[in-house]
Amino acid sequence: MDIDGRIAQANGRLKAAKVGISITRQGDRLYLRGTFPPKPDSDKKAPYQQRLALGIHANPLGVKNAEAEARKVGALLDCKEFSWIPYLSDRQIAQNCGEWVERFEKDYFSKRDKNPKTLTTWRKNYYEVLKRLPPDAPLTVEILKETIFRIDPDTRSRQIYCMVANALSKFADLNFDFSIYAGKHSPLKVSPRDLPTDEQIQETYYKISNPAWQWVYGMLATYGIRPHEIFNLNLEDLPILTVTDGKTGARRVWACYPEWVDLFQLKSAALPQVKGKSNADLGAKVSKAFKRYSIPFKPYDLRHCWAVRSLEFGLDISLAAQQMGHSAKVHSDLYHHWISDRHHQKAYDLLMQRADRPKPPISPEL
């Protein structure tokens, strides 16, 4: 007799004995099914139909043991003495949010190196969400929902909150998909920045009094790198720049204005003495320096200008995206809607100046 037949016979005996519990099979494992009280981490109040994992293989001996366990569980339910504790892993036993966050962080860094890149991701994405959970309250689906609902829908922040809630939910075996609350967000909804012109960028360089920060400014303007990446560069191949590490790892970047390499004296590196435990810390130091020297725009504005400039130069989107360290889709979504009339006019003028551009038809002589 096959296993399913043995399970059917066992369930027949359990039904005849009015045990109220049945045996089910999923793959090569056996489970009990019945009306159980809520698990310790559940937000439900009343008993409902659930499966109980036995950790027993679906073989003849397993079916025999599962039937015995079903009778024991049925008797405990009848006496109102049933407890989930013997059937749950340590991860599933109720703990408060603070304890869950500690365990989740340990698990997070057990799967990846703890370095500036991973620390930045943890602090900016995960911990920014997790620190808003009530530390002494039990971790439940409702608690996570309440935390998500404090964030405006259809925003990037709402998407991040749902992503973190899903990761924690999976880790804690809550088995709930929070993606349904993520909403719709597109970078196209972000208001375009008032980007400086290339003339303004060049003029500002000469107004920076500190040579080291002047060099940093010139590198950001010429290569459009992320602020924290200024501390992870290899200059051996300038005017081709090598980013050795950063948010998206190593890559090579070409200057859209190679003239700036000499104008800004970029081959004479003068990196300021700055320390930071994470990429976010290093990026913050650059932002503070911009404010200290009254630079009228933000470090990331120089990166955005490089992106738009690459479009003006006609650099293929996929190549520009690789040099910026993100996907072609992200590049297109982020930057194509930032092109203003002046960029269109410049591109148009260049097209019209081409000697091989199409010409209108010649009118026949009257």
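So here's what we get for this one:
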| item | result |
| --- | --- |
| Residue count for the stretch 1-36, restricted to those that are in contact (Cβ under 8 Å) with a residue 40 or more places away in the chain and under 36 Å from the mean Cα position of the chain (by Cα) | 0 |
| Which numbered condition PRO38 fails, given (1) buried (at least 16 other Cβ atoms within 10 Å of the Cβ); (2) more than 22 Å from LEU61 (Cβ to Cβ) | (1) |
| Restricting the stretch 201-232 to residues that are surrounded by fewer than 20 Cβ atoms within 10 Å (Cβ to Cβ) and not in a helix (DSSP H, G or I), the residue that is nearest to the chain's Cα centre (by Cα) | ASN232 |
| Answer residue from the stretch 178-200, given it is modelled with pLDDT under 80 and not in a helix (DSSP H, G or I) and is surrounded by the most Cβ atoms within 10 Å (Cβ to Cβ) among those | HIS185 |
| Residue match in the stretch 250-266 (condition: under 22 Å from the mean Cα position of the chain (by Cα), within 25 Å of LYS124 (Cβ to Cβ) and free of Cβ contacts under 8 Å to residues at least 24 places away in the same chain) | yes |
| Test: residue in the stretch 160-177 that is out of contact with any helix residue (DSSP H, G or I) (no Cβ under 7 Å at 6 or more places or on another chain), modelled with pLDDT of 90 or more and either among the small types (Gly, Ala, Ser) or buried (at least 18 other Cβ atoms within 10 Å of the Cβ) (or both) | yes |
| Whichever residue in the stretch 277-298 is part of a helix (DSSP H, G or I) and within 22 Å of the chain's Cα centre (by Cα) and, among such residues, is surrounded by the fewest Cβ atoms within 10 Å (Cβ to Cβ) | ALA284 |
| Filter result for LEU238 (on the phi < 0 side of the Ramachandran plot, outside any helix (DSSP H, G or I) and either surrounded by fewer than 21 Cβ atoms within 10 Å (Cβ to Cβ) or out of contact with any Ser or Thr (no Cβ under 6 Å at 6 or more places or on another chain) (or both)) | yes |
| Boolean, SER294 is out of contact with any Phe, Trp or Tyr (no Cβ under 9 Å at 6 or more places or on another chain), modelled with pLDDT of 85 or more and either of a type outside the set (Asp, Glu) or not assigned by TED's automatic domain parsing to the domain that holds ASN234 (or both) | yes |
| Any hit, the stretch 115-132, residues being modelled with pLDDT of 90 or more, of a type outside the set (Phe, Trp, Tyr) and crowded, with 18+ Cβ neighbours inside 10 Å | yes |
| For ALA289: the one exception among (1) touching a helix residue (DSSP H, G or I) at 6+ places or on another chain (Cβ under 6 Å); (2) under 24 Å from LYS117 (Cβ atoms); (3) without any contact (Cβ under 8 Å) to a residue 60 or more places away in the chain | (3) |
| Residue ID - nearest to HIS228 (Cα to Cα), chosen from residues in the stretch 307-366 that are among the acidic types (Asp, Glu) and modelled with pLDDT of 85 or more | ASP349 |
| Filter result for PHE82 (farther than 29 Å from LEU133 by Cα and either aliphatic (A, V, I, L, M) or touching a Phe, Trp or Tyr at 6+ places or on another chain (Cβ under 8 Å) (or both)) | yes |
| Extreme residue, surrounded by the fewest Cβ atoms within 10 Å (Cβ to Cβ), among residues of the stretch 43-76 that are in contact with a Leu (Cβ under 8 Å, 6 or more places away or on another chain) and acidic (Asp, Glu) | GLU69 |
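The values are calculated or read from the model by the stated rules, or taken from the named source; none is laboratory data. Predicted model, so just to flag it, every value in this text is computed and none were measured. We place every Cβ from the backbone using ideal geometry, glycine too, and count neighbours over all the protein chains shown.
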